[in-house]
Every structure is written in C-alpha cells, then in structure tokens.
Amino acid sequence: MRAIVQRVSEAHITINRKNEKQIGSGLLVLLGIEEGDGKRDIEWLSGKISRLRVFDDPAGVMNLSLMEVAGAAMIVSQFTLHASTRKGNRPSYIRAAPPEIAIPLYEEFITRMEGDLGHPVVTGEFGAYMQINLTNDGPVTIMIDSKNRE
C-alpha cells in the first residue's frame, strides 16, 4: 500500500459532481492498493498514519499525532499511486489491484483507521469521479509505502 498524507487545514471532496464532503484540520490520505497487499499492510499503515507526528505542539514543533490533536481524516482511493512511467509517456497501472481485491482492502483500511483514531473518517467513493480541494497546511506532504516500511 502506498499513501500520500497531507496535513490540511481543510479539505473538500466532490463525488460524481454532486456529493460533497469536507473536513477541517487533519489529514488527507490518498491510498493506493496493489496486488499482494493484505491485513498486515493495513494494520501497519493505519497505525503509522494515526501516530505520525506532524502537528505542532505548543512550542511550534511537529510533535503531535492526529490522535493527539483529535484531528479529522479524509481517505480517498488513488490507484494512480502505483503508476509506472518506466516506458513511454503513458503511465501503466498494472501494479494497482483490481477492484475485486482493492475495494475490500480499502473498506478494511477505513474501518481500521476509524478504530485507531476512535472516530469516523470521511471517505471518497472507490472508482468514482472525484474532485478534491484542499489547503495544505505547512505544507506537509509525506509519502508512505507499507512494502518499504517507510
């Protein structure tokens, strides 16, 4: 699994040009699932994101996690995180898991994040056309890969 984690002061998502959702201060997580991902990836990645210390403490140092600041989270499926641009100019998405594998893992990841955080998260809709507007706070943007454990 790959995730792009962005600290945001706000994020809005429009799904299929009509359904709108939003969060305030927290993390926007773009999640890419590839074949071979499983429960261990979900557990590790959810824990890592939940405990990632990217929020300022009273001294202005990034020393607090999403759990500690009771921040919001938005999780959006993003198969393009597994794009290969090795050959030519058209990305290949062969490494991205097909929907029959990815959807259950995406849903399980959401459930795990909600459990780790202790509150519901806002989500996109797997396979839907989505538009995301966000205010990246910092800016703070971090890529995490469960296979590399970094």
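So which of 10, 43 ends up being of a type in the set (D, E, K, R), touching a helix residue (DSSP H, G or I) at 6+ places or on another chain (Cβ under 7 Å) and either surrounded by 15 or more Cβ atoms within 10 Å (Cβ to Cβ) or in contact (Cβ under 8 Å) with a residue 12 or more places away in the chain (or both)?
Values: 10 fails: touching a helix residue (DSSP H, G or I) at 6+ places or on another chain (Cβ under 7 Å).
After ruling out the rest, the residue left standing is 43.
Candidates 148, 136: the one that is in a strand (DSSP E or B) and either of a type outside the set (Asp, Glu) or crowded, with 16+ Cβ neighbours inside 10 Å (or both) is 136. Can you name every residue in segment 55-72 that is in contact with a helix residue (DSSP H, G or I) (Cβ under 8 Å, 6 or more places away or on another chain) and part of a loop (DSSP other than H, G, I, E, B)? Within segment 55-72, just 65 meets the criteria.
Go through the residues of segment 83-94 one by one and say whether even a single one is more than 12 Å from the chain's Cα centre (by Cα) and touching a residue at least 40 places away in the same chain (Cβ under 8 Å). Show your work before the answer.
Going through segment 83-94, the residues more than 12 Å from the chain's Cα centre (by Cα) turn out to be 83-94.
If we keep only those that are touching a residue at least 40 places away in the same chain (Cβ under 8 Å) too, we end up with none.
Scanning segment 83-94, I find no residue that is more than 12 Å from the chain's Cα centre (by Cα) and touching a residue at least 40 places away in the same chain (Cβ under 8 Å), so the answer is no.
From 4, 101, 94, 75, grab the single residue that is surrounded by fewer than 21 Cβ atoms within 10 Å (Cβ to Cβ), among the β-branched types (Val, Ile, Thr), modelled with pLDDT of 95 or more and not in a helix (DSSP H, G or I).
On the way: 101 fails: not in a helix (DSSP H, G or I); 94 fails: modelled with pLDDT of 95 or more; 75 fails: surrounded by fewer than 21 Cβ atoms within 10 Å (Cβ to Cβ).
Matching residue, one of 4, 101, 94, 75: 4.
Could you please let me know if residue 80 is modelled with pLDDT under 95, assigned to a helix (DSSP H, G or I) and surrounded by fewer than 17 Cβ atoms within 10 Å (Cβ to Cβ)? In short, yes. The residues of segment 65-93 that are of a type in the set (A, V, I, L, M) and more than 23 Å from residue 105 (Cα to Cα), listed by number, are 69, 70. The condition of being of a type in the set (Lys, Arg), within 14 Å of the chain's Cα centre (by Cα) and under 16 Å from residue 1 (Cβ atoms) holds for only one of 149, 112, that being 112.
The values are calculated or read from the model by the stated rules, or taken from the named source; none is laboratory data. Here the structure is a predicted model, which is why all the values come from computation and not from measurement. Every residue, glycine among them, receives a Cβ derived from its backbone with ideal geometry; neighbour counts consider all protein chains shown.
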